[in-house]
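Report on one structure; see the data block that follows.
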Amino acid sequence: SQKIEQNSEALNIQEGKTATLTCNYTNYSPAYLQWYRQDPGRGPVFLLLIRENEKEKRKERLKVTFDTTLKQSLFHITASQPADSATYLCALTDSWGKLQFGAGTQVVVTP
Amino acid sequence: EAGVVQSPRYKIIEKKQPVAFWCNPISGHNTLYWYLQNLGQGPELLIRYENEEAVDDSQLPKDRFSAERLKGVDSTLKIQPAELGDSAVYLCASSLGSAGPTDTQYFGPGTRLTVL
């Protein structure tokens, strides 16, 4: 069966450092991979989408890599700020646009 | 521009009671989604609408769950009767429907359901 794994333990990081999150998947060949941010009591907010033929995508302080051979995506937040504290979800997307989410990783950025 | 609106935000009911959730998508968005999110988990798709048509309801437990999207705008998700295991957050999302699989989905704040 399809499986998406994200670090279940919260990532505690000091302000200014780079946070790196991992998303691994098995038994799936996604056309795209997306990353979302979710704050408590709110719905997920789209951050980035990367295609299967793209190795890397950047948006401001965010960087996503996608390795279809390793079946892994890495999500980086550079120069992290306390406002970056949230849960980050990866979502595999098939060619029809159907999303399958991972459980998410909580990031806590301390001043 | 207003985002996806959901109501109620919170609902507490006793098991075996019916419950309904309402969603108003972003204006002009043709595609509407209902997701279920359990604590500590990611959202799981229940049903997807393209205008009025339910194009993917394979994950909707049809024995107790039903949904409708009349006139291709607002949508209602109903559970009857509710069970203890239905306690979760029910999220509604919408997208333009024009970009195919790369359509950005915009989520509402969700309805937190507690079944006692």
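Restricting to Cα pairs below 8 Å that are 6+ residues apart, what does the relative contact order work out to for the stretch B:22-106? Please round to a whole percent. Numbers along the way, then the final one.
Numbers: 160 pairs, mean separation 30.5, N = 85.
Relative contact order for the stretch B:22-106 comes out at 36 percent.
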Which residue fluctuates most in the GNM of chain A (Cα springs below 10 Å): A:Ala83, A:Ala31, A:Ala91? A:Ala83
Please give the contour-minus-distance gain from B:Thr102 to B:Lys78: 0.36 nm per residue of separation, less the Cα-Cα distance, rounded to one decimal in nm. 5.8 nm
Give a quick list of chymotrypsin sites (Phe, Trp or Tyr not before Pro) in the stretch A:27-111 that DSSP marks as loop, anything other than H, G, I, E or B, with at most 12 other Cβ atoms within 10 Å. A:Trp96
Could you tell me how far the Cα centroid of the stretch B:1-63 sits from the Cα centroid of the stretch A:40-72, in Å? 25 Å
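Restricting to Cα pairs below 8 Å that are 6+ residues apart, what does the relative contact order work out to for chain A? Please round to a whole percent. Can you show the working numbers first?
Numbers: 275 pairs, mean separation 40.5, N = 111.
Reported as a whole number, the value is 36 percent.
Taken together, the values in this text are just the output of simple stated rules run on the coordinates, not laboratory data. All of these numbers come straight from a predicted model, not from anything done at the bench. Virtual Cβ from ideal backbone geometry, glycine too; neighbours counted across all protein chains shown.
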